[in-house]
Amino acid sequence: MIKYCMRKWDENKDKLEAALRSGTTWNGCRYSDLVKLVVNQILNNSTGDYDDYHWDAEQITEIDDGDYQGTLIYLIPLSTYQPSEYEYLMTYVGYGSCSGCDTLLAIQNYDDGSKLDDSQVRDFMVLCKDIVSSMIKPYNTGWRASEEFDPLYDCN
């Protein structure tokens, strides 16, 4: 996990949990809905400290080259007129074809319009943390580098 995402998760995970508990559409949502929720509740939900990053949840790009199963890749642009290559975050989720091999499908009970139970909220929180943990900032090198987008741990 990159430093920025860890800080934002720690600051805003309670707001994400509250949004999951109060919503009535999560039993029928898609991964893209969760990525948007994470951007709005974790990344863009400032605690009042100075935060000069605002990510555009409406312009997230989903790449899906799978068929029944595979990997979904999400590009999350900075909210600016024309984001440059270094003004994106990227994350991914692996998905399956049924509730036995797909995390989201296993969590959902398909009771549209109902609120999540406590077990579902916990499972959604784990899934959302995985989405945040998988985020990287491509092209965070050279003159574009920002230490807060470095990984928490050096794997070398």
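The values are calculated or read from the model by the stated rules, or taken from the named source; none is laboratory data. Just so you know, these numbers come straight off a predicted model, no measurement behind them. In this analysis, Cβ positions are derived from the backbone assuming ideal geometry, glycine residues included, and neighbour counts consider all displayed protein chains.
Numerical summary
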quantity	calculated
Extreme residue, nearest to the chain's Cα centre (by Cα), among residues of region 1-50 that are outside any helix (DSSP H, G or I) and β-branched (Val, Ile, Thr)	2
Single condition residue 97 does not satisfy, out of (1) among the polar types (S, T, N, Q); (2) under 27 Å from residue 14 (Cβ atoms); (3) touching a Phe, Trp or Tyr at 6+ places or on another chain (Cβ under 6 Å)	(2)
Which numbered condition residue 71 fails, given (1) surrounded by fewer than 18 Cβ atoms within 10 Å (Cβ to Cβ); (2) within 12 Å of the chain's Cα centre (by Cα); (3) assigned to a strand (DSSP E or B)	(2)
Among (1) surrounded by 13 or more Cβ atoms within 10 Å (Cβ to Cβ); (2) free of Cβ contacts under 8 Å to residues at least 24 places away in the same chain; (3) over 19 Å from residue 146 (Cβ atoms); (4) not aromatic (Phe, Trp, Tyr) - the single one residue 65 does not satisfy	(1)
For residue 95: the one exception among (1) out of contact with any helix residue (DSSP H, G or I) (no Cβ under 9 Å at 6 or more places or on another chain); (2) on the phi < 0 side of the Ramachandran plot	(1)
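This table checks each residue for (1) of a type in the set (Lys, Arg); (2) in contact with a Lys or Arg (Cβ under 8 Å, 6 or more places away or on another chain); (3) surrounded by 13 or more Cβ atoms within 10 Å (Cβ to Cβ); (4) at pLDDT 95 or above.
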| position | (1), (2), (3), (4) |
| --- | --- |
| 77 | no, no, yes, yes |
| 110 | no, no, no, no |
| 125 | no, yes, yes, yes |
| 142 | no, no, no, no |
